[in-house]
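J.: Take this structure first; my questions come after.
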């Protein structure tokens, strides 16, 4: 009887196991990493030196920054999808003082996104590329306010900039500070494309984010 | 261990090698999925149970090597292999078309998150899924042709093992 439905049985069993893994993956990843750190005695020194340099750079930034009261450094444990990630999981959570809606930056202090969900040891981050990501920004030179939206990979679309604006290609975009999530002045990206449309009062502007999310290993979580 | 298992193991290692190589050295944002193509061909050649089992294993491996969400790719591959197991496609054209369609489904499913919905907007999703499907179709064509040649060789040697 069971042999007759072996295809269905393998499918259901595989599906359920995968579902359980997805459900608890973040906890498992952190668990494995912590265990790994305790057990492994032989280390890759080149990797250690590279990590040391990166963390030193982050420490220097932490000393200089005046944008945040407190900064937590988190290591990325998982990204989704591999190209132009829309969601990142880091190994810092409630126990490390991470809270929902904290800003997330790269080590060069460019905006990456914000924390959307926090567990005890992990935090989920929504990046700028996410369709749900909407950030209030200012164009550095013209001081015009717009909303930066994700979804149009690999660029971000800047909305509500009037068609008579003096905005130019190459102008920087920074956070406005009007939203509850991000303090004023964080660099987000630069304008690389401007399109004028006759049927709307606004320009169609595309912004290239400064932060290269795909190549990141550590992020700064600021409050 | 019988010869069929050895041949399947060899194919799996080749696909894994290619997947790792392309993930690390292919200078493109979109990388073809060798695992998906191989699993589809496995099903069409009658190895349904093996393909379902390997869908789970390769999914986990893919998530590990690509630093993805563990288990996510397994779910998608299992669903695709299961649906595909009801199709009986023999012609090369039919198989390549199916690789194209399933690749699009695979890519789109990978960017769906319950209850938020799709993580990219529709136009971007469509554009990148088309590129991904196109890459996979080209790769699928070469894999299918080379596997057909191998099958003929084995047939000639009377050592054909329904691979």
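Quick note: the coordinates plus some simple rules give every number you see, no bench work behind them. Not measured: the values here are computed from a predicted model. So basically every Cβ, Gly included, is an ideal-geometry build from the backbone, and we count neighbours across all protein chains shown.
J.: Going by the alpha-carbon gyration tensor, a ≥ b ≥ c the square roots of its eigenvalues, is region A:134-212 rounded (a/c under 1.5) or, if a/c is not under 1.5, prolate (a/b greater than b/c) versus oblate?
T.: The shape class here is prolate.
J.: Using a Förster distance of 22 Å, how high is the FRET efficiency between residue B:114 and residue A:147, based on the Cβ-Cβ distance and rounded to 0.05?
T.: Taking R0 as 22 Å, the efficiency between residue B:114 and residue A:147 is 0.25.
J.: Just check the protein assembly as shown against the gyration tensor rule for me: Cα atoms, a ≥ b ≥ c as the square roots of the eigenvalues, rounded for a/c under 1.5, and otherwise prolate or oblate depending on whether a/b exceeds b/c.
T.: It comes out prolate by the Cα gyration axes.
J.: Find the centroid of the Cα atoms in region A:65-98 and in region A:112-133, then give the distance between the two in whole Å.
T.: 8 Å
J.: In the Gaussian network model of chain B, springs joining C-alpha atoms below 10 Å, which of B:137, B:146, B:91 carries the largest mean-square fluctuation?
T.: Of B:137, B:146, B:91, the most mobile in the Gaussian network model is B:91.
J.: Return, ordered by residue number, the residues of region A:115-143 whose backbone nitrogen is under 20 Å from a label point located 7 Å along Cα→Cβ of residue B:123.
T.: Answer for region A:115-143: A:128-135.
J.: Going by C-beta contacts inside 10 Å, put B:154, A:3, B:44, B:120 in order with the fewest on the left.
T.: Neighbour counts put them in this order, fewest first: A:3, B:154, B:44, B:120.
J.: How shielded is A:131-138 by partner chains, expressed as the average number of their Cβ atoms within 10 Å of its Cβ atoms?
T.: 2
J.: How many nm separate the modelled label positions at residue B:25 and residue A:70, each set 7 Å beyond the Cα in the direction of the Cβ?
T.: It works out to 4.7 nm between the two label points.
J.: In addition: Per 0.36 nm of contour for each residue apart, how much would the distance between residue A:24 and residue A:101 grow if the chain were fully extended, relative to their Cα-Cα spacing? Could the numbers behind the result be given before it?
T.: Numbers: separation 77, 0.36 × 77 = 27.72 nm, distance 2.24 nm.
Stretched out fully, the residue A:24 to residue A:101 stretch lengthens by 25.5 nm.
J.: Other chains near A:16-23: what is the mean number of their Cβ atoms within 10 Å of each residue's Cβ?
T.: The per-residue average across the peptide is 6.
J.: Quick check on region B:11-153: take the gyration tensor over C-alpha atoms, sort the square-rooted eigenvalues as a ≥ b ≥ c, and tell me if it's rounded (a/c under 1.5), prolate or oblate.
T.: rounded
J.: Rounding to the nearest 10 and keeping the result within 0 to 90°, find how far the Cα-based axis of helix B:72-84 lies from the longest principal axis of chain B.
T.: Long axis of B:72-84 versus the principal axis of chain B: about 50 degrees.
J.: With springs only between Cα atoms under 10 Å apart, run a GNM on chain B and tell me which of B:94, B:117, B:59 wobbles the most.
T.: Highest fluctuation among the options: B:117.
J.: Any idea how far apart residue A:13 and residue A:198 come out in nm if each label point goes 7 Å out from Cα toward Cβ?
T.: 6.6 nm
J.: Right, something else. Sort the following peptides by mean Cβ neighbour count (other Cβ atoms within 10 Å, averaged over residues), highest first: B:69-75, A:198-204.
T.: Values: B:69-75: 23.6, A:198-204: 11.3.
Descending mean neighbour count gives B:69-75, A:198-204.
J.: Which of the peptides A:72-85, B:123-136, A:102-115 is most tightly packed, and how do the rest follow, going by the mean number of other Cβ atoms within 10 Å of each residue?
T.: A:102-115, A:72-85, B:123-136
J.: Follow-up. Could you work out how much longer the chain between residue B:142 and residue B:97 gets when fully extended? Use 0.36 nm per residue separation minus the Cα distance between them, nm to one decimal.
T.: 14.8 nm
J.: May I pose another question? Sorted by mean Cβ packing within 10 Å, highest first, what order do the peptides A:140-148, A:127-135 take? Don't jump to the answer; show the numbers that get you there.
T.: Values: A:140-148: 16.0, A:127-135: 21.6.
Highest-to-lowest ranking by the protection proxy: A:127-135, A:140-148.
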